[in-house]
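Novice: Handing you a structure now.
The values are calculated or read from the model by the stated rules, or taken from the named source; none is laboratory data. What you see is a predicted model; the values in this text were computed from it and never measured. A quick note on method: Cβ atoms are made from the backbone with ideal geometry, for glycine too, and the neighbour counts reach across all protein chains shown.
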Amino acid sequence: MCSLNFFLGTLFKKGLILCKSSEKDLEQISMLVKNTIQETYPKYYPKEVVDFFCELHCRKNIFEDIKSGFVGILRDGNMIVGTGCYKDNHITRVYVKTECQGKGYGSYIMQCLENQIRLQYDTVYLDASLPASHLYEKRGYQTTKHEKWNVENGRILVYEIMSKSLPNTSTSICYDRKFFIPQRNTENGEVDGNTVFAYRQKDNILWADYSGGDIIKGNLVGTVTENGELDFYYLHINEQKQVRIGICHSVPQILDNGKIELSEKWQWLNGDKSEGKSVVVEM
């Protein structure tokens, strides 16, 4: 069983980092979790089930997890806006303040927890509540089992156990099996909004196929730094049957919807050898 014994994430956005919690964070974490459950879960569950979740994630249980070193917190300045917890390869608690939801914070917390888990395991699993199941599906989790739990007054909690395989990577952002399309490009570029990039990653090695628009067939290969930046060479043949070769450096940003945006600086290595800039976004 490994613990959160190091700084979990690189900069998510300016002023937002995920780091290991301490006992002095207990009150903020407890209130965040309790308030989020009480504000969100009544839309999906009866009172008895909401009370069950509050008891499951009570102050005492959170305190024990903090002492064991398994709780991470996402800070915006001095305020905790999200928290995540895991044991072994089981993600057990991910909550984001209600007013901060929909900004990609939950996805970022999940990514950091998965990065830590993949150091010792090749799969991760979790118990999915109704409010969070859509987030997990977007991250590639699949339902492996349906479970029921009897709560008070004859109420039954129905939930799903979900899991996914973890690609072997040590970088803060995983690009494996993600698809990207160009959003902007300078005039001397050849890819456009009709070009689709299909990324793969293993460890810090990146490769992709791309086609569409003016591109008949293209490939790229490169590396991923620890903070998720990309350096790669690309090669394609266009509709004019010209072979074009170039080099590119990409800097990632996590958008409010949790998707990845890459700001790219590139240069052709044949033809006019001009330079350009482009932006591609995750589909």
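Novice: State whether one or more residues within segment 137-158 are of a type in the set (Gly, Ala, Ser), outside the structural domain of residue 251 (by TED's automatic domain parsing) and in contact (Cβ under 8 Å) with a residue 40 or more places away in the chain.
Specialist: To start, the set of residues in segment 137-158 that are of a type in the set (Gly, Ala, Ser) comprises 140, 154.
From what's left, outside the structural domain of residue 251 (by TED's automatic domain parsing): 140, 154.
Narrowing the set further to residues that are in contact (Cβ under 8 Å) with a residue 40 or more places away in the chain leaves none.
No, there is no match, as no residue in segment 137-158 is of a type in the set (Gly, Ala, Ser), outside the structural domain of residue 251 (by TED's automatic domain parsing) and in contact (Cβ under 8 Å) with a residue 40 or more places away in the chain.
Novice: What's the number of the condition residue 259 fails, among (1) touching a Leu at 6+ places or on another chain (Cβ under 8 Å); (2) closer than 20 Å to residue 179 by Cα?
Specialist: (1)
Novice: Shifting gears a bit: Scan 263, 250 and give me the residue that is under 19 Å from residue 194 (Cα atoms) and in contact (Cβ under 8 Å) with a residue 12 or more places away in the chain.
Specialist: Result: 263 is the single residue among 263, 250 that is under 19 Å from residue 194 (Cα atoms) and in contact (Cβ under 8 Å) with a residue 12 or more places away in the chain.
Novice: Okay, next question. Kindly indicate which of 33, 81, 50, 71 is of a type in the set (A, V, I, L, M, F, W, C) and in contact with a Pro (Cβ under 7 Å, 6 or more places away or on another chain).
Specialist: Criteria check complete, one pass: 50.
Novice: I want to confirm something. Restricting to segment 80-110 and keeping residues that are of a type in the set (Lys, Arg) and at pLDDT 85 or above, which single residue is nearest to the chain's Cα centre (by Cα)?
Specialist: Once the filter is applied, the top-ranked residue is 93.
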